[in-house]
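*Asks:* This structure is in structure tokens; I'll ask about it shortly.
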Amino acid sequence: MTSQKEPQEGLSAPAKVTGPSSWSRVSCPCCISSHIEPLVLIQLAENIQPITKQWIMSVISAPVKAGGAQLLVHPGEDMKGDMIVVAAPRCTLLRVTEDLGLCKTYQDGNMTSFSFEDRDNFCDSDNMQQFLTLAERQYIVKHELDSMRAMEDQRIPGIPAPKGKLKSRESILQKLEKAGVIRNITPLHKQKLLSDLGKQWYSHKSMWGQPLDTIHAYFGGTIAYYFSFLDFYTLSLFPPAVLGIFITFFLPSANFSSGNQTESAPGPPKDGDDQPSVSSYMVQAVFSMLWSTVFMELWKRRSAALSYRWGTFNLAEQFQEPRPGFHGELGTNPVTGRLEPLFPEWKRSLRIGLVSLPVVGVFLGLVVMGMGGFYFFERLISNWHKASGSYLTVPLLYIPSVSHIIYTNALGNIYRNVALKLTEAENHREESSFDYHHTTKVLVFTFFNNFAVLFHIAFFKEDMPLLRKRLSSLLIVTQLVNQFTEVVVPFLVDRFLTSADRNLKEDDPEVDHLQAQGSLPAFPGLFAEYIELLVQFGYLSLFSCVYPLTAPLLLLNNLTEIRTDAYKLCKLFNKPFSAPVANMGVWQTAFEMLSFISVISNCWLLLLSPRVKELTEDAGLSSSKVLVIAIIVEHALIIMKMILAFMIPDEPDWVRIKREQIEYQSMQALKKQRIMRSRVADKVPLKA
């Protein structure tokens, strides 16, 4: 790569990474500054050769046209050290801001899609720390590092073949990571900002309210949307929690322990055979259907408002570059005309059909095997309990449920790793396609793994006492496990295992401070967190009419979940990169699907309740007539849900108006550009 510039002399001299000394030079006059902000830390292999480090720095600082990232680099301690500190010049930050389609505040005070040519008319465009959030600046650096491509076949200096051989248009960053040259890439923490955020967030005495704008500015959109949804979801649990407590403790319940229904006095259930009365069933079922619909519609409105506030509601949907993990034969892209790796679609479809689908089927079969084992031991212990007639064997009735919960959780953890490997083997070109296929695999298995046994108990066995006992076991065991993993484990880790790192961060030397930031484990992402919330939402919206205390238990769990998730993010992991996003993506669709299924589930649970069955038998209704009535009621409730969703707009009117204004302005600007190009082509002078 002869066109990429070599590192400047003096890079090996130790220097403060906040000043201009020892940083790579910037050719753009507008980007020269006396203060350079370190944004990203690249950790190299401990035995890295100086010539290899020097080459990496030259690539990162090279122009984009030469395959580089056009960023600023600093050697850290010296050229023999194992780290590189990266910053971004103003021109690069502004150029990528336009490429991403971010909206920023214009001089008239409105949010407008940023234009590099019109940059001087945007507020604070000359001050990057005000114009872009810290998370946006760091993501732009990662975005540019990912875009580095080799312009020709070459060898990485100091790395023997074949690890050091680069093919034309191959991702340089991915090659360096695969070769073990780059160990980690981490956004740098700003300790003062992080400390202030912690005081407003997990250390705050108030139970409600999160500093969402500060979270977004520091950790980025992906993290901010998760915590915003968690906050909104937890607050929305109050109405069903109050209703659940009222039904459990103040309405009479029905007892079916002897086969005949009797109404018991108000109060908590006395054993596993106590069930809510028909009125309780009906109230809880209808409320769950309405609540899940209103909750999702109101969340979509809040999500739209946040996307406008954070400038992401008009993100560019451009033809994406190949993701770093994509590989194939080098060729010309028929759409863009660029030289890049190509992979036939039929090969990908073949891998999905012959590998991914069968493996997913095997894991679904393991779920069925676990369900069969649960029923076998449930029947065995139940018969033993009835034969003994002793109260001492009552706790043993919960052993099958607890064992099955542990089995499904372990199987789910194994499957998530397998799903990731399968999706990587499918070799998707775009990051969005990779995320979609990966998430879809996990969602299908998660739904089957967590809800299949509940649906089987409810609609095939029609055993409401067993369903109630199973659901209560799930919630209680999950609560205990979550509280241990979310509260106790993080406290012990922070208390005993990271004390040395904390002391290192308080030292004065700046290099030690940078090295300490890369010593923590990588943030595992929000996949498991969203899965946990999705399963919670499923228990509540699908089956809470059987166990009204579902919502109160979930509310108690989530009140601590907010603080512990925030604590872990700030204290126990490296800071993650976070892309600008306009919503929760595929997770929002998953929650909406569960909300729709809840109508069908609650309707049939109400039909299968023992009291309703008895009423239909007393009325002399045949099973076919009951089925017809149930289908009519189900469709009526679905229509009601659709009408309710239609009546609540997905976005507030003011957001819709702002979005349409931006679309109109973009059309006018494009029209103006076409007219100017036409006049230039015709050599017609522009009028004043």
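The values are calculated or read from the model by the stated rules, or taken from the named source; none is laboratory data. The structure presented is a predicted model; accordingly, all values stated were derived computationally and were not measured. Note that we place each Cβ from the backbone using ideal geometry, even for glycine, and neighbour counts take in every protein chain shown. Just so you know, the surface numbers come from the protein's heavy atoms only, side chains and all, with ligands and any DNA or RNA stripped out. Shrake-Rupley method; radii C 1.70, N 1.55, O 1.52, S 1.80 Å.
*Asks:* Past 24 Å, Cα to Cα, is the threshold; run 386/461; 199/658; 165/575; 175/421; 104/568; 65/421 against it and keep the listed order. Walk me through the numbers on the way to the answer.
*Replies:* Numbers: 386/461 20 Å; 199/658 34 Å; 165/575 31 Å; 175/421 19 Å; 104/568 31 Å; 65/421 34 Å.
Cα-Cα > 24 Å for 199/658; 165/575; 104/568; 65/421; rest within.
*Asks:* I need the phi-derived Karplus couplings for segment 59-68: 6.51 cos²θ - 1.76 cosθ + 1.60, θ = phi - 60°, integer Hz, Gly and Pro marked x.
*Replies:* Each residue of segment 59-68 in turn: 5, 4, 8, 6, x, 4, 4, 8, x, x Hz.
*Asks:* Based on the Cβ-Cβ distance from residue 51 to residue 656, what FRET efficiency comes out when R0 is 60 Å, to the nearest 0.05?
*Replies:* Details: r = 57 Å, r/R0 = 0.95.
Efficiency computed from Cβ-Cβ geometry: 0.60.
*Asks:* I need the calculated FRET efficiency for the pair residue 298 and residue 369, taking r as the beta carbon distance and R₀ as 30 Å, to the nearest 0.05. Show your work: numbers first, answer last.
*Replies:* Working: r = 41 Å, r/R0 = 1.36.
After rounding to 0.05, the efficiency reads 0.15.
*Asks:* Amide H to amide H under 5 Å from residue 163: which residues, 5+ apart in sequence or cross-chain, H placed 1.01 Å off N in plane?
*Replies:* none
*Asks:* Within a Cβ distance under 14 Å of residue 217, other residues only, what is the Lys/Arg minus Asp/Glu net charge?
*Replies:* Counting the neighbours of residue 217, the net charge comes to +2.
*Asks:* Please report, in debye to the nearest 20, how large the charge dipole of segment 577-643 is about its Cα centre when each Lys and Arg carries +1 at its beta carbon and each Asp and Glu carries -1 there.
*Replies:* On the way: 4 positive and 5 negative charges, 13 e Å.
Its charge dipole is roughly 60 debye.
*Asks:* Same structure, new question: Compute the label zone of residue 417 within segment 438-482: residues whose backbone N is under 18 Å from the point 7 Å along Cα-to-Cβ.
*Replies:* Once the point is set 7 Å along Cα→Cβ of residue 417, 442, 446 turn out to lie under 18 Å by backbone N, inside segment 438-482.
*Asks:* Let me check I've understood the local charge: for residue 289, count other residues with C-beta under 11 angstrom from its C-beta, Lys and Arg +1, Asp and Glu -1. What total comes out?
*Replies:* Values: positive: 641; negative: 634.
Around residue 289, the charge tally is 0.
*Asks:* Search the structure for amide H atoms under 5 Å from the amide H of residue 150, placed 1.01 Å from N in the peptide plane, and list their residues when 5 or more places away or on another chain.
*Replies:* It is 169, 170, 172, by chain and number.
*Asks:* Something else: Based on the mean of other beta carbon atoms within 10 Å per residue, what is the order of 421-433, 232-244, most packed first?
*Replies:* Values: 421-433: 16.8, 232-244: 18.5.
Ranking the peptides 421-433, 232-244 by packing returns 232-244, 421-433.
*Asks:* Further, regarding this structure: Please give the net charge around residue 541, taking every other residue with its beta carbon less than 13 angstrom from that of residue 541, where Lys and Arg add +1 and Asp and Glu add -1. Show your work: numbers first, answer last.
*Replies:* Values: positive: 641; negative: 592.
So the environment of residue 541 carries a net charge of 0.
*Asks:* Set the Förster distance to 30 Å, then compute FRET efficiency between residue 65 and residue 435 from the Cβ-Cβ distance, nearest 0.05.
*Replies:* Numbers: r = 30 Å, r/R0 = 0.98.
Given R0 = 30 Å and the Cβ-Cβ separation, E is 0.50.
*Asks:* Quick one: length gained pulling residue 556 to residue 615 fully straight, 0.36 nm per residue minus the C-alpha distance?
*Replies:* Working: separation 59, 0.36 × 59 = 21.24 nm, distance 3.67 nm.
Here the segment from residue 556 to residue 615 would lengthen by 17.6 nm.
*Asks:* Express the carbon and sulfur contribution to the solvent-accessible surface of segment 29-188 as a percent, rounded to the nearest whole number, probe 1.4 angstrom.
*Replies:* On the way: 2950 of 6360 Å².
That share works out to 46 percent.
*Asks:* If you don't mind, there's one more thing I want to ask. With charges only on Cβ, +1 for K and R and -1 for D and E, what is the dipole size of segment 29-188 about its Cα centre, in debye, rounded to 20? Could the numbers behind the result be given before it?
*Replies:* Details: 18 positive and 20 negative charges, 174 e Å.
Roughly 840 debye for segment 29-188.
*Asks:* Residues of segment 457-480 with amide nitrogen under 14 Å from the 7 Å Cα-to-Cβ point of residue 444?
*Replies:* Counting only backbone N, you get no residues.
*Asks:* Over all pairs of distinct alpha carbons, what does the Kirkwood formula give as the hydrodynamic radius of segment 29-188, in Å?
*Replies:* Details: mean 1/r = 0.0601 Å⁻¹.
Hydrodynamic radius (Kirkwood, Cα only) of segment 29-188 equals 16.6 Å.
*Asks:* Something else: Based on the mean of other beta carbon atoms within 10 Å per residue, what is the order of 631-642, 393-404, most packed first? Please list the in-between numbers first.
*Replies:* Values: 631-642: 14.2, 393-404: 15.9.
Taking the mean over residues of other Cβ atoms within 10 Å, the ranking is 393-404, 631-642.
*Asks:* Run the quick spin-label model on residue 409 and residue 110: label points 7 Å from Cα toward the beta carbon, then report their separation in nm to one decimal.
*Replies:* 5.3 nm
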